[in-house]
Amino acid sequence: MLDAAGTVLALFYGGVLLWLAVGITRHLVRLVRPSRPAHFVALHMTAVWSVGTAATLAACALILYALTLIENVSRSS
């Protein structure tokens, strides 16, 4: 089982990763210039949100990996 400190650290680590993923996505969205044609803006927004979704899924996978790693280390101790 996970100890309390390990759980808190894993959740904090995951929260930081998710915060960074959202921040990067918001920064990329600002790069879209409204003076472009509508189809270009729509395509660019789709690409930006695809990158944001991939980053968020990667962060969730890292959270799960960290929790599993902490649990395995705590079992071996």
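The values are calculated or read from the model by the stated rules, or taken from the named source; none is laboratory data. Because the structure is a prediction, the values reported are computed rather than measured. Quick reminder, even Gly has a Cβ in these numbers, built from the backbone with ideal geometry, and neighbours come from all protein chains shown.
So, Ala10, is that one within 18 Å of the chain's Cα centre (by Cα), part of a helix (DSSP H, G or I) and at pLDDT 80 or above or not? Spell out the reasoning first.
Numbers: within 18 Å of the chain's Cα centre (by Cα): yes; part of a helix (DSSP H, G or I): yes; at pLDDT 80 or above: no.
Taking the combined requirement at face value, the residue does not satisfy it.
Among the residues of the stretch 28-77, count how many are at pLDDT below 75, exposed (fewer than 12 other Cβ atoms within 10 Å of the Cβ) and either under 14 Å from the mean Cα position of the chain (by Cα) or among the charged types (D, E, K, R) (or both).
So the count comes out to 2.
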